[in-house]
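Student: Could you have a look at this structure, given as structure tokens, before my questions?
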Amino acid sequence: MNKQTLFVTLTTAALMCGCQSSKVRISGRFVGSDAKNIYLEQVLPLTQSVVDSAALAPDGSYRMEFTGAAKTPSLYNVIYDGERIPLLLAGGDRLTLGSVGSVIRNYTVEGSSESELLRQFYQAFVTGAQQLENMGTAFARELTDEERKELVREYTAEYYRIRREQLRFIIEHKASLAAVYALYQRLPGDRHLFNGDSDVVYYRTVAEALQESYPESPYLQSLQADIARMDARISLTSQISEARHPDLELTDIYGKKIRLSSLAGKVVLLDFWSAELGSSNALNADLKELYRKYADAPVGFEVYQVAVDTSKPLWITAVQEQQLPWISVSDLRGRSSVALGLYNVQQLPANFLIDKEGTIVAKNIYGKSLEAKLDELTK
């Protein structure tokens, strides 16, 4: 896992802001590794470069001092034994940073309130993400059906626990730059914070708070630019015509790519679901009944079901266990799937009913309402 996802949209002004810069001193002690040196890395939007280093004394103690830090906190990494510890440093800071044993899980920092907040988020987030990785690896083992189901339940519970804690941290510490850092962290396979462009509410909440706490920070400027882009995308995708729909080309469980447009001339239910959602089993069971009912209808009926998941074993297992008879596809990008953006899907499950002329005639239609519409369209 990439343990450090950067502020990917920051401008190069991040470390050039305004500027009364001054010295930063970092000292402390690291114990539990054979590493001989410690490094300080400056994080820029597109690059990361080492700006200082120090040799560790026999007892693991060290001291670094560098100049050129901005007066508002900026992102740096301390690198020790191959691990990166993110810090938010400002000119004049005097930090004590150290660890005994596991670096990421045990490091402590004193002398910078922003770096301490960042530690609280980062340690919990990385620990949770590592736990997810371990669970994902376990899928490769030979498991019984019950063991696999239990592992899926555990994975899902841990995934959403991490997400809840991430959002809680962002809201509780919205006026901190640590909250900006938390906004841009992603679990493996995720592109969005939570639910695509609808996440703009979290970005806006932080930006409004930073306007009071760090009005001159370039991170605020970059955040506002991201908000403007998200608002523009929301405005664009909300204008999808009912009479036209974007084409999709996604891969089924056998590795075959299938285009949505290949079903032209049929009535198609474009269905978005996730194997991780407990309600999916019941919805799929209902849909299987309808699928059988209209199998021989005068106008053909097909389901093009897009799984919004990141775990291929989890998705394939769900398709096979539920014996889904229709087209099941996924790009395994989870909430970052391009298909979600193209159809402006804000929550799961979701569906679009497309008639034989290719017109979207209904959205989020289920049960008796869907059956009545299929009666009409498949005659």
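Student: Check whether at least one residue in segment 152-171 is open to solvent by 50 Å² or more (accessible area, probe 1.4 Å), of a type in the set (Val, Ile, Thr) and outside any helix (DSSP H, G or I), and report yes or no.
Tutor: The answer is no; no qualifying residue exists.
Student: Further question on the same structure: Can you say whether THR47 is open to solvent by 70 Å² or more (accessible area, probe 1.4 Å) and either of a type in the set (S, T, N, Q) or under 21 Å from VAL126 (Cα atoms) (or both), as far as the supplied structure shows?
Tutor: yes
Student: Would you please name the residue that is nearest to VAL100 (Cα to Cα), looking only at residues in segment 34-73 that are assigned to a loop (DSSP other than H, G, I, E, B) and in contact with a Lys or Arg (Cβ under 7 Å, 6 or more places away or on another chain)?
Tutor: Among those that are assigned to a loop (DSSP other than H, G, I, E, B) and in contact with a Lys or Arg (Cβ under 7 Å, 6 or more places away or on another chain), it is GLY60.
Student: Right, next: Of everything in segment 278-314 that's small (Gly, Ala, Ser), modelled with pLDDT under 90 and assigned to a loop (DSSP other than H, G, I, E, B), which residue is nearest to LEU132 (Cα to Cα)?
Tutor: Among those residues, the one meeting the criterion is SER311.
Student: Please enumerate the residues belonging to segment 268-289 that are over 22 Å from TYR159 (Cβ atoms) and open to solvent by 20 Å² or more (accessible area, probe 1.4 Å).
Tutor: Across segment 268-289, the qualifying residues are ALA285, ASP286, LYS288, GLU289.
Student: Right, next: Within the set of pairs 6 or more residues apart or between chains, which connect a residue that is under 15 Å from ALA285 (Cβ atoms) inside segment 360-371 to a residue that is open to solvent by 70 Å² or more (accessible area, probe 1.4 Å) and of a type outside the set (S, T, N, Q) with Cβ atoms less than 7 Å apart?
Tutor: GLY367/ASP286
Student: When you go through ARG233, ARG186, ARG204, ARG191 one by one, which is the residue that is within 17 Å of ARG335 (Cβ to Cβ), modelled with pLDDT of 85 or more and either surrounded by fewer than 15 Cβ atoms within 10 Å (Cβ to Cβ) or not aromatic (Phe, Trp, Tyr) (or both)?
Tutor: Of the residues listed, the single one that is within 17 Å of ARG335 (Cβ to Cβ), modelled with pLDDT of 85 or more and either surrounded by fewer than 15 Cβ atoms within 10 Å (Cβ to Cβ) or not aromatic (Phe, Trp, Tyr) (or both) is ARG186.
Student: Condition first: touching a residue at least 60 places away in the same chain (Cβ under 8 Å) and surrounded by fewer than 14 Cβ atoms within 10 Å (Cβ to Cβ). Now tell me which residues in segment 338-358 satisfy that.
Tutor: Passing the criteria: GLN346, GLN347.
Student: A follow-up question, please. Out of (1) touching a residue at least 40 places away in the same chain (Cβ under 8 Å); (2) surrounded by 13 or more Cβ atoms within 10 Å (Cβ to Cβ), what's the single condition that is false for GLY265?
Tutor: (2)
Student: Please identify the pairs in which a residue from segment 49-71 that is hydrophobic (A, V, I, L, M, F, W, C) has its Cβ atom under 9 Å from the Cβ atom of a residue that is open to solvent by 60 Å² or more (accessible area, probe 1.4 Å) and at pLDDT below 90, counting only partners at least 6 apart or on another chain.
Tutor: Close Cβ pairs satisfying both conditions: ALA69/SER21; ALA70/MET16; ALA70/CYS19; ALA70/GLN20; ALA70/SER21.
Student: I've got another one for you. In segment 243-262, what count of residues is obtained for those that are of a type outside the set (A, V, I, L, M) and in contact (Cβ under 8 Å) with a residue 24 or more places away in the chain? Lay out the reasoning, then the answer.
Tutor: First, the residues of segment 243-262 that are of a type outside the set (A, V, I, L, M): 244-247, 249, 251-252, 254-257, 259, 261-262.
Going one step further and asking which of them are in contact (Cβ under 8 Å) with a residue 24 or more places away in the chain, we end up with 244-246, 251-252.
Total meeting the criteria: 5.
Student: Mind counting the residues in segment 92-109 that are in contact with a Leu (Cβ under 8 Å, 6 or more places away or on another chain) and surrounded by 14 or more Cβ atoms within 10 Å (Cβ to Cβ)? Before you say what the answer is, go through the steps one by one.
Tutor: Residues of segment 92-109 that are in contact with a Leu (Cβ under 8 Å, 6 or more places away or on another chain), as a first pass: 95, 97, 107-109.
Subset that is surrounded by 14 or more Cβ atoms within 10 Å (Cβ to Cβ): 95, 97, 107, 109.
So the count comes out to 4.
Student: Which one is farthest from LEU193 (Cα to Cα), of the residues in segment 303-337 that are crowded, with 20+ Cβ neighbours inside 10 Å and of a type in the set (D, E, K, R)?
Tutor: It comes out as ASP309.
The values are calculated or read from the model by the stated rules, or taken from the named source; none is laboratory data. All values derive from a computational prediction rather than experimental measurement. Using ideal geometry, Cβ is built from the backbone for each residue, glycine included, and neighbour counts are taken over all protein chains shown. Ligands, DNA and RNA are stripped out before the accessible areas are found, and what is left, the full protein with its side chains, is counted by its heavy atoms. Shrake-Rupley method; radii C 1.70, N 1.55, O 1.52, S 1.80 Å.
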